[in-house]
1. For residue 224, what is the net charge nearby, where nearby means another residue's Cβ is under 10 Å from its Cβ and Lys, Arg count +1, Asp, Glu -1?
2. For a 20 Å ceiling on Cα separation, which of these pairs sit above it: 160/255; 81/119; 19/160?
3. Given 310, 386, 146, which one lies farthest toward the positive end of the charge dipole of the chain, if we put +1 on the Cβ of every Lys and Arg and -1 on the Cβ of every Asp and Glu?
4. For the range 64-193, what is Rg from Cα atoms divided by 2.2 N^0.38 Å, rounded to two decimals?
5. In Å and from the alpha-carbon atoms only, list the Rg and Dmax of the range 121-167.
6. Can you give the FRET efficiency for residue 355 and residue 191, using 1/(1 + (r/R0)^6), R0 = 56 Å, r = Cβ-Cβ distance, to the nearest 0.05?
7. Dipole size in debye (nearest 20) for the range 114-161 around its Cα centre, Lys and Arg Cβ +1, Asp and Glu Cβ -1?
8. Name the trypsin sites (Lys or Arg not before Pro) in the range 153-188 that are in a loop by DSSP and that have at most 15 other C-beta atoms within 10 Å, would you?
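No value in this document is a laboratory result; all are computed from the given coordinates. Just so you know, these numbers come straight off a predicted model, no measurement behind them. Neighbour counts are summed over all protein chains in view; Cβ atoms, including those assigned to glycine, are modelled from backbone coordinates with ideal geometry.
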Amino acid sequence: LSIESFGSGYGGNALLGKKCHALRIASWQARDEGWMAEHMLIVGLQSPQGETHYVAAAFPSACGKTNLAMLIPPDSMPGWKVFTVGDDIAWLHPGPDGRLYAINPEAGYFGVVPGTNPKTNRNAYEMIRRDTLFTNVALTADNDPWWEGLESGTPVTDWKGKPYEAKNGPAAHPNARFTVSARRNPSYAPQADAPAGVPISAIIFGGRRRGVAPLVYEARNWSHGVLVGASVASETTAAAVGEAGVLRRDPMAMKPFCGYNFGDYWGHWLEMGRKLTNPPRIYHVNWFRRDAQGKFLWPGYGENLRVLAWILDRCAGRGGMNDTPIGHIPRKGDLNLEGLDIAPAALQELLSIDRELWKVEATEIHDYLDEFGSRVPSALRSELVALEQRLSHA
């Protein structure tokens, strides 16, 4: 087998063993062998009552995937523990009990470093303070790596090796990366090397959306969840090829990585669901919704655990919800908001949907699916028609 990669501006393509072997080739092999190779983090969450669930989550690049994989519970939620199994790739297979199990095939992390600091991701920051490879960062006078977001140090050499001048732009490339052993992570999960993997209670999709998508919603069933994953959209960032700020469809966050036609890929997802007697519930989150003034409505980072706690309650058969045309959304009282300073109006907007905007969204999803012609599974088109019908009913 010969593989050539050239002309790519995506950071992950620099490591063929990571994205090409573990996702592009593996996704094709997984379809043939009856498993799944996905661009997903795997994280374990233990409640104060000792109940542990594992979730897998797929976000387009630079949408908070590493932060979620290494989430640190806020002080206002004592007793919670978070364990990182993986931050980027998951191989998932049906288990003998009808559940979906996941392993992380990687031995380390390859993350975007700008913005990483003790406040945004303390585990990642502590992890990369030694025994780490950096690419395209700036340097201080002492030859220490430096990037935008650090609260100490002064860059003297930019990522191109030239004397740093602010007028020339960022000192570090916006897509500068770190590479480090997974065992350096303070939240490294003991189960990360378990041969059978860990059981997945929920699959979470997400993107960077200023509007339309609420803070979180739950798919009605597996096939509806496949539609949710297939229609993931996110505003592009420096970590992806293309102009920043453009809304881009990125199914299951696999657009750069799927090794075969997406229509067939969605069909494989639907087939996998039929093999599972106890499939994970599927969710969509949006930490990036903004108000009319452009300010973020949700604080993000460690506070995202409040949303995950609701998801885990739902997976355990607890937790209330509102049934909406797009799926199940938590009511205000269903989220643990203790110790969180958030305006009632902001929370209301985060947990609301605009039917007219969603009708436009559904039309755009139709147009996107049409790009794949007859290879789109009929079950996926049926789910989209059902969504449109729910949106049209009063």
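1. Numbers: positive: 220; negative: 218, 383.
Spelling it out: positives minus negatives among the neighbours equals -1.
2. On the way: 160/255 29 Å; 81/119 18 Å; 19/160 25 Å.
The pairs that break the limit, which is 20 Å between Cα atoms, are 160/255; 19/160.
3. It is 310, whose Cα lies furthest towards the positive end.
4. Values: Rg = 17.3 Å, N = 130, 2.2 N^0.38 = 14.0 Å.
Rg over 2.2 N^0.38 Å, computed on Cα atoms: 1.23.
5. Final numbers for Rg and Dmax: 11.1, 32 Å.
6. 0.85
7. Dipole size: approximately 140 debye.
8. On the way: sites: 160, 167, 177, 183, 184; in loops: 160.
Listed in order of number, the matching sites are 160.
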